[in-house]
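Engineer: One structure, pasted below without further comment.
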Amino acid sequence: MVVTGIAAPARADILVERPASVLRCGQAIRTGIWYRDFPTTGHRAATIEVLSARGVVLERRHVTATSRWHYEPRWERHYRVRYTTFAGIGSFRVWIRRP
């Protein structure tokens, strides 16, 4: 698991979990988002999306940090996971290998 921080101007961080870049067929794409508070509070809302190789949104979840979620890949071999928080957008590619 790799956690990537998206810094916030209010001294609070939204940390997102970078999904594995290569998965075997049948494995789930796992995502996560956490909130790290430095004594002040900040925005905790975020959106996690799974997109097809062509950019079509296959699934979208509006979450509040601390959240975990997984997506079961079905037909595609290339996916992109996009996190949208108040501090910006982060995007990660995921490749599904055939058995």
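The values are calculated or read from the model by the stated rules, or taken from the named source; none is laboratory data. Note that the structure is predicted; figures quoted are calculated from it, not measured. When we count neighbours, we look across all protein chains shown, and the Cβ atoms used for this are built from the backbone with ideal geometry, even at glycine.
Engineer: Please go through segment 1-16 and give me each residue that is surrounded by 17 or more Cβ atoms within 10 Å (Cβ to Cβ), at pLDDT below 55 and not in a strand (DSSP E or B), ordered by number.
Structural biologist: 8
Engineer: Answer yes if at least one residue in segment 17-33 is at pLDDT below 85 and assigned to a strand (DSSP E or B), and no otherwise.
Structural biologist: Checking segment 17-33: not a single residue is at pLDDT below 85 and assigned to a strand (DSSP E or B).
Engineer: Filter segment 34-52 down to the residues that are assigned to a loop (DSSP other than H, G, I, E, B) and of a type outside the set (S, T, N, Q), then identify the one that is modelled with the highest pLDDT.
Structural biologist: Top of the filtered list is 44.
Engineer: Let me ask something additional. Mind listing just one residue for me: the one in segment 72-99 that is among the aromatic types (Phe, Trp, Tyr) and either part of a loop (DSSP other than H, G, I, E, B) or touching a His at 6+ places or on another chain (Cβ under 9 Å) (or both) and, of those, modelled with the lowest pLDDT?
Structural biologist: For segment 72-99, the residue satisfying everything is 75.
Engineer: Within the set of pairs 6 or more residues apart or between chains, which connect a residue that is under 17 Å from residue 20 (Cβ atoms) and among the acidic types (Asp, Glu) inside segment 72-86 to a residue that is modelled with pLDDT of 85 or more and in a strand (DSSP E or B) with Cβ atoms less than 9 Å apart?
Structural biologist: 72/29; 76/52; 76/58; 76/96
Engineer: Follow-up. Would you be able to say whether some residue in segment 69-77 is under 11 Å from the mean Cα position of the chain (by Cα) and either crowded, with 17+ Cβ neighbours inside 10 Å or aromatic (Phe, Trp, Tyr) (or both)?
Structural biologist: Yes, segment 69-77 has at least one match.
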